[in-house]
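Let me begin by presenting the structure, written as structure tokens, before commenting on it.
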Amino acid sequence: MQWKQLTKNNSMEILENFSLKNYNTFGIEAKAKTFVSVHTVSELVTILKVNQHNEKFILGGGSNMLLTQDITALVIHVDLKGKKITKESDDFVWVESQAGENWHELVLWTIDQNFGGLENLSLIPGNVGTTPIQNIGAYGVEIKDTFDSCAAIKIDTQELVTFSKEACQFAYRESIFKNEMKDQFIITSVTFKLTKKNHHFNTSYGAIEAELQKQHISKPSLRAISNAVIAIRQSKLPDPKELGNSGSFFKNPIVLKSDFEQIQQKFPTMPFYEVSETEVKVPAGWLIEQAGFKGKRFGDAGIHKNQALVLVNYGQATGQEILAVARTIQATITAEYGISIETEVNII
Ligand SMILES: Cc1cc2nc3c(=O)[nH]c(=O)nc-3n(C[C@H](O)[C@H](O)[C@H](O)COP(=O)(O)OP(=O)(O)OC[C@H]3O[C@@H](n4cnc5c(N)ncnc54)[C@H](O)[C@@H]3O)c2cc1C
């Protein structure tokens with residue numbers, strides 16, 4: 001089948017040498033050799049069938065990637081829309097959202113319906129279909145806490161597969177889609193199991209409690225928690241519309257307790273959180289700040305002035321320039337503390 005025929009028979013528009021500047025929150029200028037937005041699962045299957053032998057690159061909201069080059073693979077922008085309740089019990093509701101829905105809009109919609117579970121994850125950029133990939137998390141909650149299942153198309157066979165929570169192998173910013181099944185599936189919808197009543201309010205993490213007090217709220221509600229999270233995030237994180245960024249650029253490193261005890265002798269003030277009997281997590285932002293990078297600028301690439309974990313594009317930085325800053329930070333942290341920090345953002 002020819003591309004032209006495809007366009008005629010579907011709502012798909014196939015674009016060549018397409019700028020991705022408005023499709024990545026870093027605001028990096030990079031071109032897609034060929035770009036197509038898909039709006040239905042059948043369009044997606046068609047595109048995959050006619051491109052069996054071409055490399056593919058899957059794009060959601062572009063909020064977790066650093067583009068360091070033009071993309072020669074076929075860029076498939078997953079733009080599937082819609083959400084519905086698929087099941088209900090006295091206490092719970094199952095909400096299925098298509099992959100291309102904006103995450104924050106879905107969160108706000110669930111709050112409007114008084115469905116609980118997603119409120120702490122308010123204002124995280126990106127699309128619903130991408131949330132399981134790195135098991136998005138914030139303020140003491142991760143997507144795995146409310147995740148029921150997701151549907152995904154296997155790229156090479158176009159088979160539709162359902163993944164249960166167990167099958168996804170969720171961990172801190174990890175899932176099977178970043179490991180064993182990397183680049184093999186396109187997630188088309190995600191189903192969440194949310195509370196209809198007796199909501200479990202998670203206010204213990206971060207500054208939520210303090211923010212609620214500031215707003216004179218003694219009895220939290222889903223909306224109040226969401227508003228508190230939004231206020232905290234807006235005060236801490238740069239808005240990608242104003243300053244290009246991809247949120248936390250690095251993951252917090254997990255270190256063996258036995259290694260950490262030795263590191264602590266040299267750096268007694270280094271903060272840590274226990275994650276298991278044998279491991280601790282160290283805040284990468286602290287390491288980067290201590291190493292003197294916070295607020296530094298290298299041309300148009302830099303480290304945010306309030307958040308050492310966030311790398312920013314002041315305007316015209318290239319992906320390569322931001323990557324160079326990231327590599328310098330990683331090398332410095334390894335040399336100074338003997339701790340290696342991995343990127344959370346996907347380097348393309
Ligand atoms: C200001 C800011 C704050 C952030 N805060 C947080 C936070 O608190 N917690 C957190 O966890 N993350 C955070 N992030 C990161 C980001 O928002 C999430 O990782 C989000 O889920 C990425 O979604 P996206 O649709 O933009 O993904 P994209 O950047 O489009 O894609 C990310 C990766 O997933 C692949 N992909 C995209 N869609 C699909 C699909 N349907 N099927 C299969 N693969 C796909 C892409 O190829 C790419 O490898 C933040 C980002 C920003 C800019």
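Values in this text are rule-based calculations from the coordinates and carry no lab data. It should be emphasised that the depicted structure is a prediction, and the values quoted were computed from it without experimental measurement. Using ideal geometry, Cβ is built from the backbone for each residue, glycine included, and neighbour counts are taken over all protein chains shown.
Could you tell me which of Asn22, His53, Leu121 has its Cα farthest along the dipole of the range 1-148 towards the positive end, charges placed at Cβ (Lys, Arg +1; Asp, Glu -1), taken about the Cα centre?
The residue sitting most towards the positive pole is His53.
By counting other Cβ atoms within 10 Å of each Cβ, how are Arg297, Arg173 ranked from fewest to most?
Going from sparsest to densest Cβ surroundings: Arg297, Arg173.
Mind giving me the FRET efficiency for Lys196 and His216? R0 is 25 Å, r the Cβ-Cβ distance, nearest 0.05 is fine. The partial results should precede the final answer.
Working: r = 28 Å, r/R0 = 1.10.
According to the calculation, E is roughly 0.35.
Across the range 83-90, in residue order, what do the Karplus-derived ³J(HN,Hα) couplings come to in whole Hz, using 6.51 cos²θ - 1.76 cosθ + 1.60 with θ = phi - 60° and x for Gly and Pro?
8, 7, 8, 9, 7, 9, 10, 4
List Tyr139, Tyr314 from most exposed to least, where exposure is judged by having the fewest other Cβ atoms within 10 Å.
Numbers: Tyr139 20, Tyr314 14.
So the residues, fewest neighbours to most, are Tyr314, Tyr139.
So what is the relative contact order of the chain, in percent, for Cα pairs below 8 Å that sit 6 or more residues apart?
Values: 702 pairs, mean separation 55.4, N = 348.
The value is 16 percent.
In 10 Å bins starting at 0, how do the alpha-carbon pair distances of the chain split up by percent?
The calculated distribution, bin by bin, is 5, 22, 31, 27, 12, 2, 0.
Could you give the distance between the Cα centres of the range 32-100 and the range 142-211, to the whole Å?
Using only Cα atoms, the two centres lie 15 Å from each other.
Suppose only helical runs count, i.e. DSSP H with n ≥ 4. What mean residue ellipticity at 222 nm does that imply for the chain under -39500 (n - 2.57) per run, divided by all residues and rounded to the nearest 500 deg cm²/dmol?
On the way: 9 runs with 89 residues, N = 348.
Result for the chain: -7500 deg cm²/dmol, rounded to the nearest 500.
Which residue fluctuates most in the GNM of the chain (Cα springs below 10 Å): Thr46, Thr278, Thr34?
Thr278
Between Asn179 and Gln316, what is the spin-label point distance in nm, taking each point 7 Å from the Cα along the Cα→C-beta axis?
Each label point is offset 7 Å from its Cα along the Cβ direction, giving 4.4 nm.
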